[in-house]
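Notes follow once the structure below has been shown.
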Amino acid sequence: MSAERIGTETNATCYSCGKPGEVLYRGLTDRLFGAPGEWTLRKCTDAECGLIWLDPRPAVDEIGKAYRNYYTHGHANHARQSRWTRIVRAILHTLSIHLLGLRRERRRYKRIYLDQTPPGRLLEVGCGNGKRLARMRALGWEVMGQEIDPVAAEHVRHVKGIPVHLGPLETIEPGEYDVVLLSHVIEHVHDPVAMLMTCHRLLKHNGLLVVLTPNAASYGHSQFGAAWRGLEPPRHLHLFTSQTLSQLAQKAGFSDPRCWTTPVGAYGIGQSSPPLTEAGIGQQSVTMRDVLRGFRFQVAASLVFLLNKNSGEECVLMASKKTTPI
């Protein structure tokens, strides 16, 4: 039986600056989790903006259909691979991290760039399978998750033993957290500024917002085009650059946002961005060709990053909620 059609809404102008968008890609399909439909991405015509977005996009009350087979529903290892492929992948990935001088950056990334921040109360918005929360708890943080997906929330509570607020972000008590984390969440929402404003309310004074999201201006996007893993239609509704992400944080009331890019996840991007002619739909196997492509891409992306600090595969935003002067 075919998958249920996803209802859509038009979205022709740039969310960030209101300028028109030109078609970047047409006829994209969900190669990862098999959501139905073909999708179009537009790019803002303002060179100073660079926002990319889905048009048409799933309507708010239809977006859940795009997550029916998502990784938080028990498919964390949806890409099958042989034991030998796993071994070679682990060796090459470790080798690339050491040879390219990425050990410190990877350690900081794993700690969500909070390695210099004293542990406190941390809320992860859209906590998925709870892997990041478990890691931060082991580092001394008091952690809490938020999810609107009951399947994911149940997994985090019972498998990870971490409390999860099941429901909209707006229903959480404000002013309670030292850090609010959005790791690969903001690209999934219809109204990013509204979400950031809610995060602002949830933070204590002088609290910190941390956002990780795919970089629309990355080296990987320039190389893989419509096959770039970061596109992920129809779940990724907006794709940001560092500049656009900083502007949205300021609109939401955050002070002195700092935004940069990182190449540390390039191996996974290279491995997961096969040519369109090679890609299957839904669950797929990781081949030795994929593993070697990931290794080559990690090397290339890291070398490009030495010359262009805006070319990393992910944007990282850190912004503060400053205490209002009395």
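Any read-out appearing in this document is the output of simple, stated calculations on the displayed coordinates, not a laboratory observation. Worth saying up front: this structure is predicted, and the values here are computed from it rather than measured. Cβ sites come from the backbone with ideal geometry, for glycine too, and all protein chains shown count toward neighbours.
DSSP loop (so not H, G, I, E, B), at most 16 other Cβ within 10 Å: list which GluC sites (Glu not before Pro) in segment 138-228 pass both filters. Don't skip to the end; give the middle numbers.
Details: sites: Glu142, Glu147, Glu154, Glu170, Glu176, Glu187; in loops: Glu176.
For GluC sites (Glu not before Pro) across segment 138-228 that sit outside H, G, I, E and B with at most 16 neighbouring Cβ atoms in 10 Å, the list reads Glu176.
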Residues Val286, Val180, Val164 in order from fewest to most other beta-carbon atoms within 10 Å are Val286, Val164, Val180
With +1 at each Lys and Arg Cβ and -1 at each Asp and Glu Cβ, the charge dipole magnitude of segment 136-184 around its Cα centre, to the nearest 20 debye, comes out at 260
One point scatterer per Cα, no solvent, Debye formula: log10 I(q)/I(0) for segment 169-268 at q = 0.13, 0.18, 0.22 Å⁻¹ comes out as -0.49, -0.87, -1.18
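Suppose R0 equals 22 Å; then what is the FRET efficiency for Glu48 and Val23 from their Cβ-Cβ distance, rounded to the nearest 0.05?
Numbers: r = 20 Å, r/R0 = 0.91.
The pair Glu48/Val23 has a calculated efficiency of 0.65.
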With label points set 7 Å from each Cα along the Cα-to-Cβ direction at Asn206 and Lys131, the distance between them in nm comes to 3.4
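Is there a pair in Lys19/Lys251; Lys19/Lys321; Lys110/Lys309; Lys251/Lys322; Lys43/Lys251 whose C-alpha atoms are over 25 Å apart, and which pairs would that be? Walk me through the numbers on the way to the answer.
Details: Lys19/Lys251 17 Å; Lys19/Lys321 29 Å; Lys110/Lys309 20 Å; Lys251/Lys322 14 Å; Lys43/Lys251 21 Å.
With Cα atoms farther than 25 Å apart: Lys19/Lys321.
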Exposure proxy check on Met288, Met197: fewest-to-most Cβ neighbours within 10 Å is Met288, Met197
Subtracting the Cα-Cα distance of Leu303 and Asp256 from 0.36 nm times their residue separation yields 14.0 nm
The chain: relative contact order from alpha carbon pairs under 8 Å, six or more residues apart, as a whole percent, is 20
Subtracting the Cα-Cα distance of Glu4 and Ala194 from 0.36 nm times their residue separation yields 65.5 nm
Binned at 20 Å starting from 0, the alpha-carbon pair-distance distribution of segment 8-320 in whole percents comes out as 32, 63, 5
Listed with the fewest Cβ neighbours within 10 Å leading, Cys127, Cys14 appear as Cys14, Cys127
Summed over the other residues with a beta carbon less than 11 angstrom from that of Thr94, with K and R at +1 and D and E at -1, the charge totals +3
Taking every other residue with Cβ under 10 Å from the Cβ of Ser255 and scoring Lys and Arg +1, Asp and Glu -1, one gets +1
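Classify segment 4-71 as rounded, prolate or oblate, taking a ≥ b ≥ c as the square roots of the eigenvalues of its Cα gyration tensor: rounded when a/c is under 1.5, otherwise prolate if a/b is larger than b/c and oblate if not.
Details: a/c = 2.41, a/b = 1.96, b/c = 1.23.
Since a/c reaches 1.5 and a/b is larger than b/c, the shape of segment 4-71 is classed as prolate.
By the scheme Lys and Arg +1, Asp and Glu -1, what is the net charge of all other residues having a beta-carbon under 11 Å from that of Gln146? Walk me through the numbers on the way to the answer.
On the way: positive: none; negative: Glu124, Glu147, Asp149, Glu170.
Local charge sum for Gln146: -4.
Per residue, how big is the convex hull around the C-alpha atoms of segment 187-245? Give it to me in cubic angstrom, could you? Provide the component values of the computation, followed by the final result.
Numbers: hull volume 5.0 nm³, N = 59.
Given the Cα convex hull of segment 187-245, per-residue volume reads 85 Å³.
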